Structure formats: C-alpha cells, structure tokens
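**Q** There's a structure below that I have some questions on.
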Amino acid sequence: MPDVVTLSGSPVMPSRSQHLLCVAEEMLCERGYSVRRIDVRQLPAQALIYGDWNDPAVRAALETVVAARAVIVATPLYKASYSGALKTLLDLLPQAAFAHKPVLAFATGGSLAHLLALDYALKPVLVALGARLMLDNVFATECDLHQTNGAYTLTGSLAQRLSSAVESLAQALEDREALARLRASTVLDQISAVAQ
Ligand SMILES: Cc1cc2nc3c(=O)[nH]c(=O)nc-3n(C[C@H](O)[C@H](O)[C@H](O)COP(=O)(O)O)c2cc1C
C-alpha cells in the first residue's frame, strides 16, 4: 500500500500537469513516503470508456487508490473543466474512495481564465468521492512552466507553491488527530445519510 497515490489526468505527453506530479513525488520520496503514480494514459482506454471494473489493470489502479493514505490529482484544464480522461477513471472509483485521505489537486491551464475550474468543477467530484480534507490546490499556467529540449522548468513562485502544498500534505499525513476527526466526520456523514 503506497502512502500517497498520484493520479495523472492528462491524455498527452509530455504533460505539464504530470510534471507537477513528478516534482511533488520526488519531494515526498525524499521525505520517506512511498508514492505510486496512476497515469490514465497507461490504462486501457476501452475499459475506461466502457466502465469495465473487471479489467485487471483498471481494477489494480482502483485498489491502489483505495489503499493509499493520501491522494494527489493532477489535470490539464480542458474546456473550462478538468480532463475527460481523468473523469473516466474517477467515475470508476468506489463512492468513498477518498474518505479519510488528505487530497491535493494540481492543474495546468493556458491562462488564468479558468483558474476557478478546480473549485467549481473538480472539487465537487472529489467531495462526492468522500474527500473532506482538501488542501490548497496548485494551479500553473503555461508561463509558469518553461519547456526546453523536452524538459520542463518551474518559474516564478511555482516551485515554492508546490513545496508548500507537499509540506501541507506531509503535515496532514502526520496529524493523527486531524485524521481521526476526518474518520469521525465521515461516520457522521454516513449516519445522517441513512437518517435522510
Ligand atoms: C482541447 C484543449 C482544451 C483546452 N481548454 C483549456 C481551457 O478551457 N482553459 C485553459 O486555461 N486551458 C485550456 N487548454 C490548455 C491546457 O490546459 C494547457 O495547455 C495545459 O497546460 C495542458 O496540460 P498537460 O500538458 O498536462 O496536458 C486546453 C488545451 C487543449 C488541448
């Protein structure tokens, strides 16, 4: 079981949003956390589109997400929302897949125009999957990530923002009281859902 599972939602390579994940993964590994990445591009497209939970690769990916202690989701912005490729994977996850887990979201977009897509589009989906501890997300535009000879470099404040986000994830993983409260609030959610 990995400490942290990272979900890469870009359908294309090279990917700026996946690069943010790579940097965060390195930071987490340096801190001694185990990390496993699930790249939607590497999963069988037909199984994702047809919602085939029984496909071995899809099933293994879903089990990894459920077993992890924390999640980082990264996506490009497409048409003022997160990618459809990411949605094909999120749709197959069990309802409470993100319960009890700190969740961090990264997104890259062409400009700041759709910055709020993380809040109005992605966040409701993460909450529907049980996420209750949502850490401050990281959004980057093309100007924040320069590409030279196929490699990306972080510019401006992006490296610092990523580092702070990873720090907050590490703190959340170590904060046993907060995680216990998270478990308690999820139980209360379930009780009130049954009572309705
Ligand atoms: C089909 C398509 C739709 C896009 N729509 C948006 C958009 O609505 N808003 C935005 O800010 N960027 C948009 N972009 C730009 C991407 O979000 C941007 O290039 C991003 O960095 C790509 O991330 P990736 O390299 O991880 O795939 C779009 C790009 C494509 C290819």
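**Q** Carbon and sulfur together cover what percent of the accessible area of the chain at a 1.4 Å probe radius?
**A** C and S fraction of accessible area: 55 percent.
**Q** For the chain, what does -39500 (n - 2.57) per DSSP helix run (n ≥ 4), summed and divided by total residues, give at 222 nm, in deg cm²/dmol to the nearest 500?
**A** So the helix-based figure for the chain works out to -13000 deg cm²/dmol.
**Q** Need one value: the accessible area of residue 13 in square angstrom, 1.4 angstrom probe, rounded to the nearest 10.
**A** Roll a 1.4 Å probe over it and residue 13 shows about 80 Å².
**Q** Work from the charge dipole of the chain (Cβ charges, +1 for Lys and Arg, -1 for Asp and Glu, about the Cα centre) and give the residue of 24, 152, 53 farthest towards its positive end.
**A** Farthest towards the positive end: 53.
**Q** How do 78, 120, 152 stack up against each other in accessible area, from largest to smallest, with a 1.4 angstrom probe?
**A** 120, 78, 152
**Q** I've got another one for you. Please list 155, 108 from largest to smallest accessible area, probe radius 1.4 Å, with all protein chains kept in place.
**A** 155, 108
**Q** Can I ask one more? Mean separation of Cα pairs under 8 Å and 6+ residues apart, divided by the residue count of the stretch 1-134: what relative contact order is that in percent?
**A** After rounding, I find 29 percent.
**Q** Long-range amide H contacts for residue 108: which residues qualify at under 5 Å (H placed 1.01 Å from N, peptide plane, sequence gap of 5 or more or a different chain)?
**A** 75, 77, 140
**Q** Ranked from the most accessible area to the least, with a 1.4 Å probe and all protein chains present, what is the order of 87, 101?
**A** 87, 101
**Q** I need the phi-derived Karplus couplings for the stretch 144-156: 6.51 cos²θ - 1.76 cosθ + 1.60, θ = phi - 60°, integer Hz, Gly and Pro marked x.
**A** 7, 10, 8, 10, 9, 6, x, 10, 9, 10, 7, 10, x
**Q** For the stretch 4-195, what does the accessible surface come to per residue with a 1.4 Å probe? Please give it in Å².
**A** 49 Å²
The values are calculated or read from the model by the stated rules, or taken from the named source; none is laboratory data. None of the values given here were measured: they were computed from a predicted structure. Glycine also receives a Cβ, built like all others from the backbone with ideal geometry; neighbour counts cover every protein chain displayed. Keep in mind that these areas ignore ligands, DNA and RNA; they rest on the heavy atoms of the full protein, side chains included. Shrake-Rupley method; radii C 1.70, N 1.55, O 1.52, S 1.80 Å.
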